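Asks: What follows is a structure written as structure tokens; I'll ask about it next.
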Amino acid sequence: MDARLIQQAIAHHGWLSPHWRVRTPEDSVTPAVSSTPFYTPEDRARALEE
């Protein structure tokens, strides 16, 4: 979830490069709760409101 929030913030600022793309394997599963969260629950809630 934190990576998705970071990607959305980068896209919002127009900082995505059309020359570089990163893909994850199809069988990759994102854990529901990160073992090392980057954002606090309050940060995530604020991001979802925007």
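Asks: Could you list, ordered by first residue, the pairs with Cβ atoms under 9 Å in which the first is in segment 1-22 and touching a residue at least 24 places away in the same chain (Cβ under 8 Å) and in a loop (DSSP other than H, G, I, E, B) and the second is surrounded by 10 or more Cβ atoms within 10 Å (Cβ to Cβ) and of a type outside the set (D, E, K, R), at least 6 apart or interchain?
Replies: Hits for this filter: MET1/THR30; MET1/SER34; MET1/PRO37; MET1/TYR39.
Asks: While we're here: Could you go through segment 9-19 and let me know if any residue there is surrounded by 10 or more Cβ atoms within 10 Å (Cβ to Cβ) and modelled with pLDDT under 80.
Replies: No, segment 9-19 contains no residue that is surrounded by 10 or more Cβ atoms within 10 Å (Cβ to Cβ) and modelled with pLDDT under 80.
Asks: Specify which of the listed residues (SER28, SER34) is at pLDDT below 75, surrounded by 10 or more Cβ atoms within 10 Å (Cβ to Cβ) and out of contact with any Ser or Thr (no Cβ under 8 Å at 6 or more places or on another chain).
Replies: Working: SER28 fails: surrounded by 10 or more Cβ atoms within 10 Å (Cβ to Cβ).
It is SER34.
The values are calculated or read from the model by the stated rules, or taken from the named source; none is laboratory data. Because the structure is a prediction, the values reported are computed rather than measured. Neighbour counts run over all protein chains shown; Cβ positions are idealised from the backbone, glycine included.
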